[in-house]
Amino acid sequence: MNKIPTLLAASAVSSASLLPPLPTPLSTPPSSFSAPSTAADSAKPTFQRLPASKLRTRLTSVGRLSHATSTVSNPSIASFFLLLSSAPADPLTAASFSTTFERVCSSPRYARFASKLDPRGRFFEPIPSFEPSAAVTQTVHPVLGKGEVQRIVGGMLTQSGLPSGAEPGGPPRVGWSAKVSHGLLGSSGVLPPNALLDPGLTTESLLFFNASHAIADGVSLGNVLTEVADERDEIKGQIASALEERKKNKTSKKKLSLLQRITKFLLSLRWFARGLATLSAQQLRMLFSSGRATNPFLPLMVPGSTKRSVAWAQAGEVRDALAVARHFNKATVNDLFVACVAGAVRRQVREHQKAGRLGGAGEVDNIKVVIPVHLFGGVLLPKQAIGNKIGAVSAEIPTGGLDSLDATRAALRITKDTPAPLVAFAAAKVVSYLPGAVAKGLMKIATSNACVAISNVRGPEKALHIGGRKVEACCGFVPPPPDVPVGVVVQSYAGKVTVTVNADAACVPDGDEFLGFVLDEYVRCAREFNVSNGFSGSGE
């Protein structure tokens, strides 16, 4: 049992690879999903699918576990939104997106988007003649500033974002939905006023997309963006070339003798055994040590609360983040921002103490975090179907911000130097077959005392386009596992780093303020090392 906590912890967390060094609903879960009953537009593309018996697919182990442990407070729903710019006569609409997404749904690789979940939560069953437009709605464009967009995203991250039932004779149940709107460029407040945009483009479109974690993890959802982009063939070609180059390098190496192969196997076995021992010792220490970290937000958490606090902010250029990380001994961008988030938690707790919402005046010295890790390096391989290929580890890190970066880096080595993600994935596979109550109990043990889940996602290095419309911004939100109040994503897109937060509103009342705390640490170091950045922090 001491290995199960290794990470059931964020098995229910949607995520992607940890920017290696930044290179790229219901307390009782619903038995099925339902698509919105309102059709997107008059145009409804349809197509016939293959016989269901040939396309029925089993949920992944992580998908089953996230479905079984989803709660009202922490539903296993991931979400992202895109902001696109275009000429006034060519905005993205529900009809145009439905037509584009029809091609995605018709591919066996993405068959889950055109499927329903069986009542037992074990299989996806294809829906004959599925119409993507049934799950896509045209909505009023938010023109009251960033707060209105935050409200929409917050709603899509709660159980109401994916209705669990359908009216008799209504549309088939699916586990995703999308909303599309458009208006005057800049009216939504998604991008900062100083963002450099093409002056010839005066219209913006917003695409909000959410999906149950039972369908896919963050990497798979990110791959959806690639699939609908105009540059999809170019990106697929780059991945194929990289894999071919790796294959050539592997075959060009000198063939090993029998003794060399045995030696290599024994060294791998030793690495696995030593890593497993280190991992087990760390998990036991976090579970039973008298000085173990506790969740400082626990007194504020209300079971059944559905109010979310969401926000996003740009941290600057990827090259600047890499430059800051290089000033620390062997630190990665991932280490950098995990330390910044830990420092932000400390400051958030301090704010609660000042307001009298939390007792005591002592500082929080250490916190427990959950880190999801993609088993394939954050890339969906060619012909690999979408799903949940993640393991995750938990670690105790100091809250001293970047002043404690060395200690943070040492604590996070478990994600790189041990088989922790593989063990976590295997543990999730076993637990996913247990009764729901047992799975929830083990998940609670695994996430015990954790207060934040942190996922890093590498996106395309260049801006993408959908139907000729430029994707100016992309923001993804991770669903934290049960009893973990805060989820943070550090992501890169088109050379920029963006940080998002999805948190229990009682624990993080103001998401923008929390991200200000995160970026204060980063900006301080950037200025200390004379690295330029485009963010000024929270102002404190």
- [ ] Among the numbered conditions (1) out of contact with any strand residue (DSSP E or B) (no Cβ under 6 Å at 6 or more places or on another chain); (2) open to solvent by 50 Å² or more (accessible area, probe 1.4 Å), tell me where Asn366 comes up short.
- [x] (1)
Task: For Thr137: the one exception among (1) modelled with pLDDT of 85 or more; (2) open to solvent by 20 Å² or more (accessible area, probe 1.4 Å); (3) among the polar types (S, T, N, Q); (4) part of a helix (DSSP H, G or I) - done: (4)
Open item on the list: I need the full set of residues from the stretch 346-381 which are within 29 Å of the chain's Cα centre (by Cα) and part of a helix (DSSP H, G or I), in order please.
Closed with: Arg346, Arg347, Gln348, Val349, Arg350, Glu351, His352
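Among the residues of the stretch 500-513, count how many are open to solvent by less than 10 Å² (accessible area, probe 1.4 Å) and of a type outside the set (S, T, N, Q).
Let us first name the residues in the stretch 500-513 that are open to solvent by less than 10 Å² (accessible area, probe 1.4 Å), namely 500-503, 507-508, 511.
Within this subset, residues satisfying the condition of being of a type outside the set (S, T, N, Q) are 501, 503, 507-508, 511.
Of the residues in that region, 5 qualify.
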- [ ] Within the stretch 82-94, identify whether any single residue is assigned to a helix (DSSP H, G or I) and either among the β-branched types (Val, Ile, Thr) or open to solvent by 10 Å² or more (accessible area, probe 1.4 Å) (or both), and answer yes or no.
- [x] no
Task: Tally, over the stretch 442-484, of residues that are open to solvent by less than 10 Å² (accessible area, probe 1.4 Å), over 28 Å from Val318 (Cα atoms) and either touching a strand residue (DSSP E or B) at 6+ places or on another chain (Cβ under 6 Å) or in a strand (DSSP E or B) (or both) - done: 2
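Identify the residue in the stretch 210-224 that is small (Gly, Ala, Ser) and part of a helix (DSSP H, G or I) and, among all such residues, is modelled with the lowest pLDDT. Lay out the reasoning, then the answer.
Initial filter on the stretch 210-224 (small (Gly, Ala, Ser)): 211-212, 214, 216, 218, 220, 222.
From what's left, part of a helix (DSSP H, G or I): 218, 220, 222.
On the way: Gly218: 81, Ser220: 84, Gly222: 84.
Here the answer is Gly218.
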TODO: Run Phe97 past the list (1) open to solvent by less than 10 Å² (accessible area, probe 1.4 Å); (2) modelled with pLDDT of 50 or more; (3) under 22 Å from the mean Cα position of the chain (by Cα) and report the number of the one that doesn't hold.
DONE: (3)
Task: Of all residues in the stretch 385-412 being under 21 Å from the mean Cα position of the chain (by Cα) and open to solvent by 20 Å² or more (accessible area, probe 1.4 Å), the one that is nearest to Ser61 (Cα to Cα) - done: Lys389
- [ ] Check Gly200 against each of (1) surrounded by fewer than 24 Cβ atoms within 10 Å (Cβ to Cβ); (2) part of a helix (DSSP H, G or I); (3) not charged (D, E, K, R) and name the one condition it does not meet.
- [x] (2)
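Here is a yes/no grid of residues against (1) among the aromatic types (Phe, Trp, Tyr); (2) over 30 Å from the mean Cα position of the chain (by Cα); (3) at pLDDT 75 or above:
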residue: Glu227; (1), (2), (3): no, no, yes
residue: Arg232; (1), (2), (3): no, no, yes
residue: Lys236; (1), (2), (3): no, no, yes
residue: Glu245; (1), (2), (3): no, no, yes
residue: Lys255; (1), (2), (3): no, yes, no
residue: Thr263; (1), (2), (3): no, yes, yes
residue: Leu279; (1), (2), (3): no, no, no
Task: Subset of the stretch 500-521 [in a helix (DSSP H, G or I) and either acidic (Asp, Glu) or on the phi > 0 side of the Ramachandran plot (or both)] - done: Asp512, Glu513, Asp520, Glu521
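Are any of the residues in the stretch 423-437 on the phi > 0 side of the Ramachandran plot and assigned to a helix (DSSP H, G or I)?
The initial filter retains those residues of the stretch 423-437 that are on the phi > 0 side of the Ramachandran plot, namely none.
No: zero hits.
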TODO: Among the residues of the stretch 225-256, count how many are assigned to a loop (DSSP other than H, G, I, E, B) and closer than 30 Å to Ser187 by Cα.
DONE: 3
- [ ] Please state which of the following conditions His352 fails to meet, knowing it meets all the rest: (1) surrounded by 23 or more Cβ atoms within 10 Å (Cβ to Cβ); (2) over 16 Å from Ala395 (Cβ atoms); (3) touching a Leu at 6+ places or on another chain (Cβ under 6 Å).
- [x] (1)
Open item on the list: Please determine whether any residue of the stretch 492-499 is at pLDDT 85 or above, touching a Pro at 6+ places or on another chain (Cβ under 8 Å), buried (at least 22 other Cβ atoms within 10 Å of the Cβ) and assigned to a strand (DSSP E or B).
Closed with: yes
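Taking the condition of being more than 15 Å from Ala411 (Cβ to Cβ) and out of contact with any helix residue (DSSP H, G or I) (no Cβ under 6 Å at 6 or more places or on another chain), how many residues in the stretch 362-374 meet it? Spell out how you get there, then give the answer.
We begin by selecting, within the stretch 362-374, every residue more than 15 Å from Ala411 (Cβ to Cβ); these are 362-364, 372, 374.
Restricting the remaining residues to those that are out of contact with any helix residue (DSSP H, G or I) (no Cβ under 6 Å at 6 or more places or on another chain) gives 362-363, 372.
Going through the stretch 362-374 one residue at a time, the tally reaches 3.
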Task: Subset tally (residues that are touching a Lys or Arg at 6+ places or on another chain (Cβ under 7 Å), of a type outside the set (A, V, I, L, M, F, W, C) and within 22 Å of Met156 (Cα to Cα)) for the stretch 74-120 - done: 1
Task: Residue list for the stretch 69-93, filter: in contact with a Gly (Cβ under 6 Å, 6 or more places away or on another chain) and over 30 Å from Gly304 (Cα atoms) - done: none
Task: Close pairs (7 angstrom Cβ cut-off, 6 or more residues apart or separate chains): basic (Lys, Arg) in the stretch 445-474, assigned to a strand (DSSP E or B) and open to solvent by 30 Å² or more (accessible area, probe 1.4 Å) anywhere - done: none
TODO: Identify, from the list Leu221, Leu207, the residue that is closer than 17 Å to Cys105 by Cα and either open to solvent by less than 20 Å² (accessible area, probe 1.4 Å) or of a type in the set (Ser, Thr, Tyr) (or both).
DONE: Leu221
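The values are calculated or read from the model by the stated rules, or taken from the named source; none is laboratory data. In this text, all values refer to a predicted model and were calculated from it rather than measured experimentally. Positions of Cβ are backbone-derived with ideal geometry, glycine not excepted, and every protein chain shown enters the neighbour counts. The accessibility values were calculated without ligands, DNA or RNA, using every heavy atom of the protein model including side chains. Shrake-Rupley method; radii C 1.70, N 1.55, O 1.52, S 1.80 Å.
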